[in-house]
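This report refers to the structure that appears directly beneath it.
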Amino acid sequence: MSAVTPQGLVFYSKTIDALAENVIVLDDEFGLAGKTILSVIRQEALSKGHKIITCYCPLSPFDKIEHIFIPALSLAFVTANAFLKIENKDARIIHCTRFCNKEGITSRRKRIRFNKKASEELMQQGSEMLIEAQRAHSQLEAYYTAAMTFEKADEAYARLEALTER
């Protein structure tokens with residue numbers, strides 16, 4: 001539902017409303033509790049036999065869940081933060097800072113601000129690199145398209161297809 005693209009971070013938040021009537025938002029600005037809560041919800045839903053849709057964070061796709069949908073219940077658990085804005089007025093919001101050590105957050109405020117700025121910069125650089133990759137792809141495509149004989153490729157495909165039908 002979200003990705004770093006040549007256009008920057010893209011988040012398809014309207015998909016949430018299309019997939020679920022009941023939305024629970026985990027407002028997790030620091031990314032401290034949502035990951036754990038969503039992992040537990042996922043395990044519970046699966047253990048109860050529900051078919052679910054699990055959306056992982058594109059920046060940490062192997063371990064950080066961002067959203068979970070349980071279509072049969074028209075229920076969604078979604079993460080919100082500075083990058084992922086949720087605009088569902090009917091959603092129930094759980095502020096994840098309530099599960100965190102507030103003194104620890106306060107004492108590390110400068111570090112947290114630095115990390116947020118650094119992550120914004122890294123996402124911007126990622127987007128710029130994707131733009132460069134698109135340009136390189138377009139240049140290569142211009143070369144091989146001009147040199148390609150599509151009729152020959154179509155003939156080779158037809159021969160291959162005929163072989164597989166036997």
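Just a few scattered comments:
Every residue, every condition in (1) exposed (fewer than 14 other Cβ atoms within 10 Å of the Cβ); (2) more than 28 Å from LYS102 (Cα to Cα), yes or no:
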site	(1), (2)
VAL4	no, yes
ILE24	no, no
GLY31	no, no
ILE37	no, no
PRO61	yes, no
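- Restricting LYS64, LYS35, LYS85, LYS51 to residues that are within 20 Å of the chain's Cα centre (by Cα), under 30 Å from ALA133 (Cα atoms) and without any contact (Cβ under 8 Å) to a residue 60 or more places away in the chain narrows the list to LYS64.
- Restricting attention to the stretch 124-150, the residues being under 28 Å from the mean Cα position of the chain (by Cα) and at pLDDT below 90 number 0.
- Out of LEU26, LEU9, sole residue that is closer than 30 Å to GLN125 by Cβ, part of a strand (DSSP E or B) and at pLDDT below 90: LEU9
- Against the numbered list (1) of a type outside the set (Phe, Trp, Tyr); (2) surrounded by fewer than 16 Cβ atoms within 10 Å (Cβ to Cβ); (3) in contact with a Cys (Cβ under 9 Å, 6 or more places away or on another chain), ILE131 comes up short only at (3).
- When THR149 is tested against (1) loosely packed, with under 10 Cβ neighbours inside 10 Å; (2) closer than 28 Å to VAL4 by Cα; (3) among the polar types (S, T, N, Q), only condition (2) is not met.
- Flag if ASN88 is in contact with an Asp or Glu (Cβ under 8 Å, 6 or more places away or on another chain), within 18 Å of LEU9 (Cβ to Cβ) and surrounded by 10 or more Cβ atoms within 10 Å (Cβ to Cβ): no
- Selection of first residues in the stretch 95-106 that are farther than 15 Å from ALA80 by Cα and in contact (Cβ under 8 Å) with a residue 24 or more places away in the chain and of second residues that are of a type outside the set (S, T, N, Q) and surrounded by 14 or more Cβ atoms within 10 Å (Cβ to Cβ), restricted to Cβ pairs under 6 Å at least 6 apart or on distinct chains, gives the following pairs, ordered by first then second residue: PHE99/ALA33; CYS100/LEU32.
The values are calculated or read from the model by the stated rules, or taken from the named source; none is laboratory data. Computed from a predicted model, the values in this text were never measured in an experiment. So basically every Cβ, Gly included, is an ideal-geometry build from the backbone, and we count neighbours across all protein chains shown.
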